[in-house]
Amino acid sequence: MGQLEFTEFYRADRDRCLRAVLTGVGDRQLAEDLVAEAFTRAWMSWHKVRRHPAPRAWIVRTALNLRVSWWRRRRREVELDDGHEAADPGGDPGLVAGLDPALLHLLRRLPQRQREVIAFRVFLDLDTAATAKALGMAPGTVTAHLSRAVATLRGQLVINQHLEGGS
């Protein structure tokens, strides 16, 4: 039962979790790696995760926590000189995860906490209380971050529409 239940959970929620993490990290390859690792950890602790009030939120929070570890490791890496080529991340990260590339670009410009609130409230469709619990903040803080993020996005979308000749 556990394996079948996990498989169904994975198939139903992988893309949704990926979109939420991509919103938070802005890099498709990194988001895919983080989500894969989070699902691996969920499988290893499925008996606990399946009872979590919001398993998708558990996945995304775990992925975002893994990102912190990733950044710590990366800070210790030695940077290559200009003579070496960097790997091409390839493709458009927005298209792969089902996000409009222009929207993803705007989301990347938001502060980290606002991106995280957008990820949990919009992409995971959690309510304010569940988002607050998952992110470890007060419900009022979630509401404030969401309001600021939406206002910023709305302002940017209106500016972009006028620049493109829309009405």
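Full extension of the chain segment joining H52 with Q112 gains 19.1 nm, where the gain is 0.36 nm per residue of separation less the Cα-Cα distance.
Expressed in Å, the radius of gyration and Dmax of the Cα atoms of the stretch 1-66 are 11.0, 35. On the beta carbon distance between L103 and T7, with R0 = 45 Å, the FRET formula returns roughly 0.90.
Taken together, the values in this text are just the output of simple stated rules run on the coordinates, not laboratory data. Small disclaimer: the values here were computed from a predicted structure and weren't measured. Heads up, the Cβs are rebuilt from the backbone with ideal geometry, glycines too, and the neighbour counts pull from every protein chain shown.
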